[in-house]
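Q: Pasting a structure below so you can have a look.
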Amino acid sequence: MAMQASRVLAICTHELESPVFEYGPFVDAVKRFILGPRFSKVRVLVMDPGRVSYHRHSFILLARKLTSYIEIRNAAPALRGCPASFMIADRHATLYRLQSERWDGICDLQDRGVARVHLERFDALWHRSGVQRQNVTIRI
């Protein structure tokens, strides 16, 4: 899926699963995708950040090096009950796992309708998990 993407990769994951996010060919594909000739962006929403091991994690190390291309957010606590994991590439390809604990899922590389539905859901979760900004008043 990462090798198919050319502009945007949106990922909703529970714990940055090591078999996927530390798999050398996946990390290399994401790196090639980001450093390619076009402006590319990867957004990752982590549903269960307490289970993520940030120490020596290949994908996290890549994200730290390429901060303007890879953005990782922790899901807001109220949204963490979602059992699914999914990845959407360029608004047309979807990899979807109904249960994040299981590895079986559905992959569709050319269904814009399905990808649009999952991307809208991802965008809603992404925006609701954004950093809350506070208005700060400075008195002189």
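Read the figures in this text as sums done on the coordinates, not as results from a lab. Note that the structure is a prediction, hence the values are computed from the model and not measured.
Q: For the chain, what Kirkwood radius comes out of the mean inverse Cα-Cα distance, in Å?
A: Taking every pair of different Cα atoms in the chain, averaging 1/r and inverting gives 15.7 Å.
Q: I've got another one for you. Where is the GNM fluctuation largest for the chain (alpha-carbon springs, 10 angstrom cutoff): Phe59, Phe26, Phe39?
A: Phe39
Q: Quick one: of the DSSP bridges fully inside the chain, what percent are antiparallel, nearest 5?
A: In the chain, approximately 50 percent of DSSP beta bridges are antiparallel ones.
Q: When only C-alpha pairs under 8 Å and at least 6 residues apart count, what is the relative contact order of the chain, in percent?
A: Computed over the chain, the figure is 26 percent.
Q: With N set to the number of residues, divide the alpha-carbon radius of gyration of the range 1-43 by 2.2 N^0.38 Å and report two decimals.
A: 1.12
Q: What whole-number volume per residue, in cubic angstrom, does the convex hull of the C-alpha atoms of the range 39-90 give?
A: 97 Å³
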